[in-house]
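The values are calculated or read from the model by the stated rules, or taken from the named source; none is laboratory data. Values in this document were obtained by computation on a predicted structure and should not be read as measured data. Don't worry about glycine lacking a Cβ; one is built from the backbone with ideal geometry, like all the others, and counts go over all protein chains shown. Calculation scope for accessible area: heavy atoms of the full protein, side chains included, ligands and nucleic acids excluded. Shrake-Rupley method; radii C 1.70, N 1.55, O 1.52, S 1.80 Å.
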Amino acid sequence: MSRLKPLLTAGVVVPLLVTSAFAERGADGVVNILNWQAPSMMNPYLSGSDNDTIPASLVLEPLAGYDENGELFSRLAADIPTIENGGVSKDLKSITWTLKPGLKWSDGTPVTAKDVVFTANYCMDPKGGCAQLSRFQGVDKLEAVGDLTVKVTFKEPTAVPYTLFVSASSPIIQARQFADCLGAKAPTCTGANFSPVGTGPFVVINFKPSDAVQLKANPNYRDSNKPAVAEVNYKGGGDALGAARAVLQTGEYDYALNVQLAPEVLRKMEKAGKGKVLSSYGTWVETLFVNLTDPSPSLLPDERSTAKHPNPILSDVRVRKALSIALDRGRLSEIGYGSTGKPTCDWIPAPANFAAGNAECLTQDIPGAEKLLDDAGWKLGPDGIREKDGKKLKLTLVTTTNSIRNQFQAIIKQWWHEIGVDVELKSLDTSVMFSSDSTSPDTAQKFYADVQMWTNYASGTDLGSYVKTYTCSQAPGPDNQWQGWNMPRYCDKDYETLVTELARTADVGKRSEIVKKLDTMLVDSYAIMPLVWRANVSAISNTLGGHAMNAWDSELWNAQDWHRKK
């Protein structure tokens, strides 16, 4: 992140090094993509989960994105606004974006500044339940100051203004298509949410929620020679093993995302000669998320897993710490990820100068965990399970159906049983757990369990937006249609103060120190328990060229450059 300050003061747009070896749109036929995490919609503003954001990035684009090196580059914007080129005001209270001239939506209509302003109003509507609202925090107003120019004014000086409209999580949507989808109507606009009009290299032909997306080359894409791929079949469902096999052994598919499998399994598959394994480290951390609120089904639906009712067991930090120090993260990392994982206590492990380097949790301490539970008043019963005030110490641990995660569940259950905790395991299909359906009782946002396990990560190399995830307003609940990614319902005034301070701080060294404090503060609360810093691992056919692995933005960030190797 030492490049953050030069980016604010330089007028240079980072050039993309990825080039393509084709010269005709649609010349290279069909590409088949497999993701065992099936998409539920194509609108990142109502989901934000990878299973939706990644396929949506083939259609919807932001003003700017991050390349494979974590460098900011322009997409729909003519250039990256900086202080030097006048795009960022000297008082750091505004940023002005200018669209590339001649941009068209896939339906042939022009892209204008009004679409950008509309997108912000769509997400910032308090009744809309926008999953990306944290990116818009601190925004005072947006103005279209011309057909192609948008000015964003912040309430306070904002040192790093590249949050809204940057990365695949915050794309521009068409005002015309979504005009009647504001506020509470947002989730009801099935047509727009499933088949958005976009500016990206592809257009949705058919969408089947929790199953598949069929796309074709966008006839109005701004580069007349791209994409070389005529159609994309994006299939969801199954499991990571089947996805890897379909690319590496049978060759039925060209690309498989997030093949979360043991390295030795993937190495054996590669020997078939059909494809290869790709990996890159970003900020992906397999994590336990602790529900600080009460998920009891006896509560009213609008009060269950909300701040109105603290968790009767896990509200005690001594219990949470006991659960954490009972774990052997090194063992988990070795068993599940081998060379593609590293045990960690940090939920922000990268970039290196932002990593706090917390290491206390790396040492398993069963006796220490037992003492903490003793001190908290949980005494061992005759069956080996602790009790307090006539209540058993029983927790529910839920994760997605995946061989590594389900193995982790079994191991964690054993360790927690050793300290007197009864654990019920639950496994859900990814398309269910990360569904955008706010009426479903099984989503990660509803969190009708005590502990969840999955991977979270940041978009881009500046952590300003990511740390906002755990601010009070980002806790999912009925008031925001169960959107937001603060799954633990963590809320701390000191944390909020530091996040505000970070937004005002431009110096990279000072920013890194604040991020480290935020990392440590959250880890020490044991509201989340980082386990393994894992590489993003996918599989690609030997016949597919032009791809560049990206751990900082959508993995399909440069699909417009994909082509068949000659």
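Numerical summary
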{"quantity": "Sum of -39500 (n - 2.57) over DSSP H runs of 4+, divided by residues of the chain (222 nm, nearest 500)", "calculated": "-6500 deg cm²/dmol"}
{"quantity": "Binned Cα-Cα distance frequencies in the stretch 341-381 - 5 Å width, integer %", "calculated": "5, 20, 19, 14, 12, 12, 10, 5, 2, 0"}
{"quantity": "Of all DSSP beta bridges in the stretch 318-425, antiparallel share, percent nearest 5", "calculated": "50 percent"}
{"quantity": "Cα-based shape type of the stretch 350-492, given that a ≥ b ≥ c are square roots of the gyration tensor eigenvalues and the cut on a/c is 1.5", "calculated": "prolate"}
{"quantity": "Alpha-carbon spread of the chain, three principal axes, descending order, Å", "calculated": "74, 57, 43"}
{"quantity": "Pairwise Cα inverse-distance average, inverted: Kirkwood Rh of the stretch 187-339 (Å)", "calculated": "20.3 Å"}
{"quantity": "Per-residue ³J(HN,Hα) for the stretch 412-420, Karplus 6.51 cos²θ - 1.76 cosθ + 1.60, θ = phi - 60°, Hz, x for Gly and Pro", "calculated": "4, 4, 5, 5, 5, 5, 4, 9, x"}
{"quantity": "Unit charges at the beta carbon, dipole of the chain: most positive-side option, V537, L182, T250", "calculated": "T250"}
{"quantity": "The stretch 456-537, accessible surface, carbon-and-sulfur percent (1.4 angstrom probe)", "calculated": "50 percent"}
{"quantity": "Sorted peptide list for 377-383, 535-541, 471-477, criterion being average Cβ within 10 angstrom, highest first", "calculated": "535-541, 471-477, 377-383"}
{"quantity": "Convex hull per residue volume in Å³, alpha carbons only, for the stretch 416-540", "calculated": "163 Å³"}
{"quantity": "Amide H within-cut-off set for L428, under 5 Å, with H built and near neighbours excluded", "calculated": "T399, T400, T401"}
{"quantity": "Out-of-range pairs (alpha-carbon distance over 26 Å; input K155/K517; K392/K493; K216/K271; K151/K216; K185/K208)", "calculated": "K392/K493; K216/K271; K151/K216"}
{"quantity": "Antiparallel bridge percentage (DSSP; both residues within the chain; nearest 5)", "calculated": "75 percent"}
{"quantity": "Lys/Arg +1, Asp/Glu -1 at C-beta; the chain dipole; positive extreme among V317, G102, T344", "calculated": "G102"}
{"quantity": "Relative packing of 24-37, 225-238, which averages over residues the other C-beta atoms within 10 Å, highest first", "calculated": "225-238, 24-37"}
{"quantity": "Accessible area (Å², per residue) of the chain, counting only protein heavy atoms and a probe of 1.4 Å", "calculated": "37 Å²"}
{"quantity": "Candidate aspartates and glutamates for bridging to K379, where Cα separation is under 17 Å - those fewer than 8 sequence places away on the same chain excluded", "calculated": "D316, E370, E387, D389, E418, D422"}
{"quantity": "Alpha carbon convex hull of the stretch 108-173, projected area averaged over orientations, nm²", "calculated": "4.9 nm²"}
{"quantity": "FRET E, pair N121, D494, Förster distance 35 Å, beta-carbon r, rounded to 0.05", "calculated": "0.60"}
{"quantity": "Bins of 10 Å, starting at 0 and running to the largest distance - Cα pair percent for the stretch 297-363", "calculated": "17, 31, 27, 22, 3"}
{"quantity": "Over 22 Å (Cα to Cα) - which of K141/K308; K308/K426; K100/K468; K426/K446; K276/K565; K235/K268 fall in this group", "calculated": "K141/K308; K308/K426; K100/K468; K235/K268"}
{"quantity": "Dipole magnitude of the chain about its Cα centre (Cβ charges: Lys, Arg +1; Asp, Glu -1), debye to nearest 20", "calculated": "600 debye"}
{"quantity": "Shape category assigned to the stretch 149-236 from the gyration tensor of Cα positions, a/c cut at 1.5", "calculated": "oblate"}
